[in-house]
Amino acid sequence: MSTHSPAYRAGAGLRRVVRLTLGVLAGAALFVAPAVPAGVSTARAADSTPDGSIGLRLLDVPGSAVGDPRAQLYVVDHLAPGATIQRRIEVASSSDTTTHVELYAAGATIVNGTFLGAEGRAPNELSSWTSVDPGASDVPADGDVTATVTIAVPPDAAPGERYGVVWAEVRSARDTSSGVTQVSRVGIRLYLSVGPGGPPAAEFTLDSLTALRSASGRPVVRASVHNTGGRALDMSGTLQLSDGQGGLSAGPFSADLGTTVAIGATENVTILLDPLVPAGPWVAEITLHSGLLEHTAHATITFPDSGAASATATPTTQARWPALAIAGLAILLLGAAAAILVLLRRGESARAARR
């Protein structure tokens with residue numbers, strides 16, 4: 001069995017924990033669950049596992065992606081057909097009793113800017129390549145267990161990116177009065193690109209910024225993001241306002257998390273501002289990123305009394321151009337130095353010949 005990306009870094013110190021309150025999931029952001037049976041909601045990253053809950057986290061990060069925040073939360077990788085990877089996950093319990101947890105892979109899709117895990121155990125191509133060992137475990141009170149996720153890509157797999165989820169599922173005892181069994185689950189996303197060579201490049205453009213008001217009157221900035229690369233994107237970022245009336249500035253304001261932009265798609269990223277932010281005009285600077293990919297755009301915006309007022313953003317690549325310019329200048333200087341050296345040597349040769 002061939003293993004991809006053998007260099008891993010243990011993530012035990014990351015404290016990136018997904019929490020699952022038994023019976024009802026708490027919070028929302030790290031994984032967005034679909035419409036599934038009662039008791040299933042969403043999960044979020046937490047620094048600890050609260051009382052009476054199950055935590056799920058990824059323990060291994062590829063050595064090549066140690067600095068990538070997405071790779072610390074999700075399984076994000078690129079494999080050639082026929083390759084295999086393994087990742088360890090940890091299930092921790094803060095319950096005062098032993099908890100039986102089912103671990104399994106299921107399919108997932110990206111729909112209208114949302115990463116959706118399949119209902120129940122509905123499979124897809126990626127989940128059929130994925131196994132979890134052990135598939136079930138009794139997690140001791142205030143303890144944890146480790147499981148291994150294995151993804152084995154068939155030799156004849158077609159190129160492309162697939163999506164899936166590794167779920168940790170807890171079922172309540174059947175309610176004899178209602179006949180209902182409550183199911184709660186929390187998951188780790190799988191983003192797997194398949195194809196020869198290196199992974200497809202991730203890229204996006206910031207096409208526009210729109211200033212608007214929410215139904216309650218709060219100022220909102222909406223950024224239109226177009227995925228022009230070959231990988232799905234999980235967007236995050238901040239907005240800074242400057243050059244307001246009297247030299248005012250405001251921010252930074254964080255973008256609402258949870259927007260996933262499919263390959264080739266365009267989705268809106270929303271930033272909700274403080275109700276006391278004046279109408280403007282403002283110079284808005286928005287910085288959005290997915291993993292290590294980052295872009296910044298500027299626009300002059302004014303918040304309307306109600307509704308929306310469009311403002312076109314001007315994308316910038318400030319982090320890239322200086323490096324390119326420096327590299328170009330270095331090449332020019334080296335070329336000039338080489339030319340001067342050739343001329344000096346020719347002059348010395350001519351003087352030597354005259355002697």
**Study point:** Filter result for the condition that a residue is open to solvent by less than 50 Å² (accessible area, probe 1.4 Å), closer than 28 Å to Thr259 by Cβ and charged (D, E, K, R), over Arg222, Arg185
**Key:** Arg185
Point to revise | Flag for Ser208 being at pLDDT below 95, among the hydroxyl-bearing types (Ser, Thr, Tyr) and open to solvent by 40 Å² or more (accessible area, probe 1.4 Å) | key: no
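Look through Ala65, Ala108, Ala71 and report the one residue that is within 21 Å of Val183 (Cβ to Cβ), open to solvent by less than 40 Å² (accessible area, probe 1.4 Å) and within 23 Å of the chain's Cα centre (by Cα).
Residue meeting the stated conditions: Ala108.
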Practice item. Can you give me the number of residues within the range 223-277 that are in contact (Cβ under 8 Å) with a residue 24 or more places away in the chain and either within 30 Å of Val194 (Cα to Cα) or of a type in the set (Gly, Ala, Ser) (or both)? Key: 32
Exercise for review: Take the residues in the range 302-318 that are open to solvent by 20 Å² or more (accessible area, probe 1.4 Å) and in a strand (DSSP E or B), then tell me which one is modelled with the lowest pLDDT.
Suggested key: Thr316
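Does Arg121 satisfy the condition of being in contact with a strand residue (DSSP E or B) (Cβ under 7 Å, 6 or more places away or on another chain), modelled with pLDDT under 95, under 24 Å from Thr260 (Cα atoms) and buried (at least 19 other Cβ atoms within 10 Å of the Cβ)?
So Arg121 fails the test.
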Point to revise | Residue that is surrounded by the fewest Cβ atoms within 10 Å (Cβ to Cβ) [pool: residues in the range 225-261 that are outside any strand (DSSP E or B) and among the aliphatic types (A, V, I, L, M)] | key: Leu248
Review point. Scanning the range 262-286 for residues that are in a strand (DSSP E or B) and in contact with a Leu (Cβ under 8 Å, 6 or more places away or on another chain), which turns out farthest from Ala232 (Cα to Cα)?
Key: Trp282
Check your understanding: Is there a residue in the range 288-301 that is open to solvent by less than 20 Å² (accessible area, probe 1.4 Å), aliphatic (A, V, I, L, M), part of a loop (DSSP other than H, G, I, E, B) and at pLDDT 95 or above?
Key -> no
Review point. Considering only the range 74-88, how many residues are among the hydrophobic types (A, V, I, L, M, F, W, C) and crowded, with 21+ Cβ neighbours inside 10 Å?
Key: 4
Review point. Do we have Gly264 as of a type outside the set (S, T, N, Q), modelled with pLDDT of 95 or more, surrounded by fewer than 16 Cβ atoms within 10 Å (Cβ to Cβ) and over 20 Å from Ala215 (Cβ atoms) here?
Key: yes
Review point. Taking Thr97, is it part of a strand (DSSP E or B), at pLDDT 85 or above and open to solvent by 20 Å² or more (accessible area, probe 1.4 Å)?
Key: no
Review point. Is it true that Ile54 is at pLDDT below 90 and open to solvent by less than 10 Å² (accessible area, probe 1.4 Å)?
Key: yes
Revision key, fill the gap. Filtering the range 188-205 down to residues that are in a strand (DSSP E or B) and surrounded by fewer than 18 Cβ atoms within 10 Å (Cβ to Cβ) yields Thr205
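The values are calculated or read from the model by the stated rules, or taken from the named source; none is laboratory data. Just so it is clear, the model here is predicted, and its values are computed rather than measured. Methodologically, a virtual Cβ is constructed for each residue, glycine included, from the backbone with ideal geometry; neighbour enumeration extends over all protein chains shown. Areas reflect the complete protein model, heavy atoms only, side chains present, ligands, DNA and RNA absent. Shrake-Rupley method; radii C 1.70, N 1.55, O 1.52, S 1.80 Å.
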